[in-house]
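The values are calculated or read from the model by the stated rules, or taken from the named source; none is laboratory data. Source: prediction; values computed, not measured. Here the Cβ positions follow ideal geometry from the backbone for every residue, glycine too, while neighbour counts run over all protein chains shown.
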């Protein structure tokens, strides 16, 4: 009896997720609109756009994540900036920022820095790339696993490359008065990476992803 009741409840939840959608701005519940690519649905209560069927979501996500991967590799492989003063010069990379903290016995800060500006952005890039490729597949390969999308959503707030860049810009204002600074390829790559990751996060159609995930159950 409990099993039957539980099964009925699961079916009801799946039907709700399939047939209804809540406005994220006012929580009004609407029947899920049947939209074509590029169309939008506006909430009748708060008049906000609450549902968008994004055009060529998988292809655009793959393209952006490949670009992000190239920018990320460039950002960690080349000098970030070069400082010169009185004939003496020194170059620093993104990896140096982590290693210097570690060698100065700031192990926790070094690990956090490595996670927020290196590991989490890299993981998000690979996860979104995997999801985009899965959406282009056929049959079972066209259905991304729920864990991959949940993990990509979970680590999104923790990819703090933009916070790192804000700190760098503040430092440049102060250090620029003491030495001559030349920005390296990694600086511009990190700047481009922030933009591409932001756009890529908005390009993927979440409803399409969840529709494909529910299809594999």
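Within the range 63-107, the set of residues being over 16 Å from residue 171 (Cα atoms), in contact with a strand residue (DSSP E or B) (Cβ under 7 Å, 6 or more places away or on another chain) and not in a strand (DSSP E or B) comprises 79 only. Surrounded by 14 or more Cβ atoms within 10 Å (Cβ to Cβ), touching a residue at least 24 places away in the same chain (Cβ under 8 Å) and not assigned by TED's automatic domain parsing to the domain that holds residue 189, is that true of residue 23? Yes: the conditions hold for residue 23.
Taking the criterion of being surrounded by fewer than 18 Cβ atoms within 10 Å (Cβ to Cβ) and modelled with pLDDT of 85 or more, would at least one residue in the range 44-54 satisfy it? Within the range 44-54, one or more residues are surrounded by fewer than 18 Cβ atoms within 10 Å (Cβ to Cβ) and modelled with pLDDT of 85 or more.
For the range 22-31, the set of residues classified as out of contact with any helix residue (DSSP H, G or I) (no Cβ under 8 Å at 6 or more places or on another chain) and not in a loop (DSSP other than H, G, I, E, B) consists of 22, 29, 30, listed by residue number.
Okay, residues lined up against (1) more than 30 Å from residue 62 (Cα to Cα); (2) surrounded by 15 or more Cβ atoms within 10 Å (Cβ to Cβ); (3) outside the structural domain of residue 69 (by TED's automatic domain parsing):
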{"position": "87", "(1), (2), (3)": "yes, no, no"}
{"position": "92", "(1), (2), (3)": "yes, yes, no"}
{"position": "95", "(1), (2), (3)": "no, yes, no"}
{"position": "103", "(1), (2), (3)": "yes, no, no"}
{"position": "107", "(1), (2), (3)": "yes, no, no"}
{"position": "110", "(1), (2), (3)": "yes, yes, no"}
{"position": "113", "(1), (2), (3)": "no, yes, no"}
{"position": "116", "(1), (2), (3)": "no, yes, no"}
{"position": "123", "(1), (2), (3)": "no, yes, no"}
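When 209, 170, 166 are checked against the criterion of being in contact (Cβ under 8 Å) with a residue 24 or more places away in the chain and either under 12 Å from the mean Cα position of the chain (by Cα) or farther than 13 Å from residue 121 by Cβ (or both), 209 stands alone in meeting it.
How many of the residues in the range 32-58 are in contact with a strand residue (DSSP E or B) (Cβ under 6 Å, 6 or more places away or on another chain) and either in contact (Cβ under 8 Å) with a residue 40 or more places away in the chain or part of a strand (DSSP E or B) (or both)? Number of matching residues: 6.
Restricting attention to the range 61-77, does a residue exist that is farther than 18 Å from residue 185 by Cα and free of Cβ contacts under 8 Å to residues at least 24 places away in the same chain? Yes, that holds for at least one residue. If you check 215, 139 for being modelled with pLDDT under 75 and on the phi > 0 side of the Ramachandran plot, only one passes: 139.
Per-residue answers, yes or no, for (1) at pLDDT 85 or above; (2) closer than 15 Å to residue 167 by Cα:
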{"residue": "73", "(1), (2)": "yes, no"}
{"residue": "81", "(1), (2)": "no, yes"}
{"residue": "89", "(1), (2)": "no, no"}
{"residue": "94", "(1), (2)": "no, yes"}
{"residue": "99", "(1), (2)": "yes, no"}
{"residue": "103", "(1), (2)": "yes, no"}
{"residue": "108", "(1), (2)": "yes, no"}
